[in-house]
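Here the structure is laid out as structure tokens; the discussion comes afterwards.
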Amino acid sequence: MNASDPVLSKRFGAGSRDQRLARVRLWLFEQQQSLKNAFLKSGDADILTAAHARVIDELIATLVRPHGESLPVAIVAVGGYGRGELFPYSDLDLLFLYDTQEPEAAKIAETILYFLWDLGLTVGQAHRSVEDTIALAGQDITIRTNLLDARFVTGERAIFDRFRERFEKEVISGAVQEFIDTKLTERDARHRRFGDSRYMLEPNIKEGKGGLRDVHTLWWLARYAYGVRDFKELAEKKILTAQEFDMFNQARQFLCKVRCFLHYQAGRAEDRLTFDRQHALAVSMGYAHPSVNRAIERFMRRYFVAVRTVGATTRIFCSLLEEGKKRTPRKSFAWLWQSPWKLGPFRLDGERLNVKNEQAFEQHPVWMLEMFRVSQQHGIDIHPRALQLMARSLKRIDDKVQQDPEANAIFLDILLSKKAPETTLRRMSEAGVLGKFIPDFGRVIGQTQFNMYHVYTVDEHTLVAIGVLHALESGTERKELPAASDAIGRIKQRRVLYIALLCHDIAKGRGSDHSELGEKLATKLATRLGLSQDEVETTAWLVRQHLLFTNTAFKRDADDPKTIQDFVAQVQSSERLKLLFVLTVADMRAVSPNVWNGWKASLLRDLYTRTEQCIGTGQVGLKQYQTEQFRQDLLKLLPGWRTEDIDHYLEQGTPGFLAGCSLPRHAAIARMLRQSKTMPLLLDTQHDYERQITEITVCTPDQHGLFSKIAGAMSLAGANIINAKIFTLKDGMAVDIFQVQDATGDVFARADRLAKLSVYLEQTLSGEMDLIEAFEERRSAYGNPSHRAVPVPGQVFVENDASNIASVIELTGHDRTGFLYEVTRAIAELGLSIVTAHISTYGTQVADVFYVKDIFGMKVMHDSKIQQIREKLLAVVNN
């Protein structure tokens, strides 16, 4: 049995259990504080985690001591604790191992566990005989994996030794391939659960791709396949070269260090590297900078280097396992029909593409690009040894290679290939080749995007977008994206589209408008790649205007003829319209799995259709409400109504109102207005599951600040307004039409929430509910600190050229509970009436647009009034 710490033993002296517990709790706190202080000085996570494990060892050994020297149980550490890698707030995994179950063994386990629990420690535990443990390890791979890290702590050593001997002979020695294949399958499934990308902006440093769980997986594979007892043996046994091991170990140590700092910062077990923690971590780990964003960027770039290194080491290691027949080879039959002359200067090594000599890339640096092209064309993986040689020869990709026509032609073939360009480009990027060949792209590798809208780094977002483009072109997205799939099939300048998408965010992170600078970089790259002058100009235009489609569709009123006319003036041709539409769809789909929805798709599709019609005919297609046919169609939808009733209804509406609603919506509003004589507030709710919105029409007598009050009530009920049209009829009735979604971006269809919305509206409009007070309570209860971690400067713009009938107010700022209510209340206090509203939320940022008129129903034209609007709304935005 291990000797226990005599100082700790004294703390178990006389007194009640509670008194002893208090003394031990104080001792443990002092030990943990001492470890924390030492770590904050040294930054050495290996020392900290090993020392923490020893402290717990001493604690458990002392807890066992009163039970005597000869014990019927071995107490075994497993999992991370078993590896001697115990992070500040990690769980303890214990195995109580015995030959036969005895009351004394159960008593010892109970004593230890209850004491540890009372100390506030989280303990995972199992009680098993040696026989049962060996049997379960043979059947359950999770248990088997846990036991690979088993380490004796205290108790009867002979029991543990018998277990270890049988485990090595009966479990580890057999079914090596099965274990390795299963663990790699588990790893792939875990990657998919956590985003399947190393370049997530808020990664999970433990479970994410390239994180610590991948480090552990490599360890388990090495432990199982080669019997290593320590990471250093990977180099000592020549499994990895000294350089490979050093790079891997530095990455591992960095990730461990991050996790330790993250635990201390959170005060609990925490593995999510969220925005609100990144800056404090950056400062703690020595990446401080006067600019918060710059500090985070430097820190996160180091993180992405680490996870990429873990991935590269895993690929090399898995290749060695296959060569040693310890892993089932990947199924690939491409080699069956590949003749040597089709592989150019390369050869097949097993089932992978390799070079014929180790100086190949030093002598012919263009071959690095050619190897990826051959791999892509024939569906053959590149051998890890070839990737190693590339890494050593990256410096050979200099300006001469970048300007080489042959090299540029090879790259263009890869980018435009019908065979998964995203996959090949990602492999080129991870090998370091893409960033060297296109230095401007290399500058955005690992570039953080400081919002909670994007979930990927700039480079990963771009590669995902290229994958979306390829899917559109191959027809796999036709069912979900019919308009974009049709448009891409009619595009003539295909290579312009791919190069523009590659460059659309290439200038991010340089401190200026990335669209303007990107235009210049795209011109330079397109010229280098051999495009014609016309193609170069179109590529540059696409990059400069790559946000035009979304800004128009989401922030402007498509029912206003001037919106379409202005958009047509900027797009000019049908070809550019199709190019910009498809690029926009690919860009949006690559932002985040949760950004795209039916509503946004319908807005983009509607703008595309109207613009295409206007370019073709010269006319803006608007709804024709003046015709006799319109009256007759409306009469059919209102059985029992007379022609005079229809005429009266039409007389009450303005041209904008009559043109701004569909025929069925007019019928519903007409019914509501007829009932309004006896009911002061009427609601009509329609769910559009295809567009993922709920349309709520509110009919009520007009009053000052009506929009603001309705918006506040809807927000309190959990409805997110994304679009609104506000109409005041000639008889003083207000008809406000809102498109809303729930918090998940779907229809607002739950009956309880709709009922709550109705009650809140009645209480708000009648004055029973104080919205300011309600939002203060909501804000304090549901505040989200991570939102403020991402800087979003408040901005307010007032524009008079976007519409012929209204001024347009556009504002951006941090989202928060009650934001829309506060803004619209301020607009009402300014004496302005809202005509239409377009509400967009991008992660933590809101971008809201309001078409407004003054008290005379005119645009706001006076400079002093415009300045007053800006100042008042900016104060609200920055509150």
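The values are calculated or read from the model by the stated rules, or taken from the named source; none is laboratory data. Everything quoted here is computed from the prediction, not taken from an experiment. Cβ coordinates were reconstructed from backbone atoms using ideal geometry, including for glycine residues, and neighbour counts include every protein chain displayed. Ligands, DNA and RNA are stripped out before the accessible areas are found, and what is left, the full protein with its side chains, is counted by its heavy atoms. Shrake-Rupley method; radii C 1.70, N 1.55, O 1.52, S 1.80 Å.
Name every residue in region 827-837 that is hydroxyl-bearing (S, T, Y) and open to solvent by less than 20 Å² (accessible area, probe 1.4 Å), in order of residue number. The answer is T836, and nothing else. If you go through region 231-263 and pick out every residue that is among the hydrophobic types (A, V, I, L, M, F, W, C), surrounded by fewer than 21 Cβ atoms within 10 Å (Cβ to Cβ) and in a loop (DSSP other than H, G, I, E, B), you end up with 2. Just one of the numbered conditions (1) farther than 25 Å from R229 by Cβ; (2) at pLDDT 90 or above is not true of G79: (1). Right, Q565: open to solvent by 20 Å² or more (accessible area, probe 1.4 Å) and in contact with a Cys (Cβ under 8 Å, 6 or more places away or on another chain) or not? Here the answer is yes, as Q565 does meet what is asked.
Conditions tested, residue by residue: (1) within 30 Å of the chain's Cα centre (by Cα); (2) closer than 30 Å to L21 by Cα.
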| residue | (1), (2) |
| --- | --- |
| E102 | no, yes |
| A109 | no, yes |
| Y114 | no, yes |
| V123 | no, yes |
| R128 | no, yes |
| I141 | no, no |
| D188 | yes, no |
| N204 | yes, no |
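If the condition is being surrounded by 23 or more Cβ atoms within 10 Å (Cβ to Cβ) and without any contact (Cβ under 8 Å) to a residue 60 or more places away in the chain, then region 576-602 contributes L580, T584. Taking region 34-50 as the range and being of a type in the set (G, A, S) and open to solvent by less than 10 Å² (accessible area, probe 1.4 Å) as the test, only A45 passes. Checking E537, E519 one by one, the residue that is free of Cβ contacts under 8 Å to residues at least 60 places away in the same chain, closer than 24 Å to Q447 by Cα and not polar (S, T, N, Q) is E519 and no other. Checking each residue of region 212-230 against the condition of being charged (D, E, K, R), under 30 Å from Q278 (Cα atoms) and either modelled with pLDDT of 85 or more or part of a helix (DSSP H, G or I) (or both) gives at least one match. Tell me, please, whether a residue that is of a type in the set (S, T, N, Q) and farther than 19 Å from F850 by Cα can be found in region 701-712. No, there is no match, as no residue in region 701-712 is of a type in the set (S, T, N, Q) and farther than 19 Å from F850 by Cα. If you check A526 against the conditions, is it small (G, A, S), over 24 Å from the mean Cα position of the chain (by Cα), closer than 30 Å to I410 by Cβ and buried (at least 20 other Cβ atoms within 10 Å of the Cβ)? So A526 fits the description; yes.
Just to verify a result, which residue in region 693-744, among those that are closer than 16 Å to V759 by Cβ and among the hydroxyl-bearing types (S, T, Y), is most open to solvent (accessible area, probe 1.4 Å)? Here the answer is S715. No other residue among E460, E406 is among the acidic types (D, E) and modelled with pLDDT under 95 apart from E460.
Could you list, in sequence order, the residues of region 405-436 that are assigned to a helix (DSSP H, G or I) and open to solvent by 20 Å² or more (accessible area, probe 1.4 Å)? Within region 405-436, P405, E406, A409, D413, L416, E422, T423, R426, R427, E430, K436 meet the criteria. Criterion applied to R157, R166, R162, R229 was being in contact with a strand residue (DSSP E or B) (Cβ under 8 Å, 6 or more places away or on another chain), farther than 30 Å from R426 by Cβ and not hydrophobic (A, V, I, L, M, F, W, C), and the one residue passing it is R157.
Listed here are the residues, each with its yes/no results for (1) within 29 Å of A51 (Cβ to Cβ); (2) without any contact (Cβ under 8 Å) to a residue 60 or more places away in the chain; (3) open to solvent by 40 Å² or more (accessible area, probe 1.4 Å); (4) not in a helix (DSSP H, G or I).
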| position | (1), (2), (3), (4) |
| --- | --- |
| F87 | yes, no, no, yes |
| L94 | yes, yes, no, yes |
| L97 | yes, no, no, yes |
| W117 | yes, yes, yes, no |
| A126 | yes, yes, no, yes |
| A135 | no, yes, yes, no |
| I143 | yes, yes, no, no |
| F163 | yes, no, no, no |
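Scanning region 14-33 for residues that are under 20 Å from Y114 (Cα atoms) and open to solvent by 70 Å² or more (accessible area, probe 1.4 Å) yields a total of 8. With the requirement that a residue be in contact with a Gly (Cβ under 9 Å, 6 or more places away or on another chain), of a type in the set (A, V, I, L, M) and outside any helix (DSSP H, G or I), what does region 170-201 give you? Selection gives A175, M200. Anything in region 165-185 that is within 42 Å of the chain's Cα centre (by Cα), touching a residue at least 24 places away in the same chain (Cβ under 8 Å) and more than 30 Å from L59 (Cα to Cα)? List them, or say none. If the condition is that a residue be within 42 Å of the chain's Cα centre (by Cα), touching a residue at least 24 places away in the same chain (Cβ under 8 Å) and more than 30 Å from L59 (Cα to Cα), then V171, I172, V176, Q177, F179, I180, D181, T182, K183, L184 are the ones that fit.
Tell me which residues, restricted to region 747-762, are over 16 Å from L682 (Cβ atoms) and open to solvent by 60 Å² or more (accessible area, probe 1.4 Å).
R750, A751, D752, R753, K756
Just give me the residues in region 838-879 being touching a Gly at 6+ places or on another chain (Cβ under 8 Å), surrounded by fewer than 20 Cβ atoms within 10 Å (Cβ to Cβ) and part of a helix (DSSP H, G or I), in sequence order. Hit for region 838-879 is L874, nothing else.
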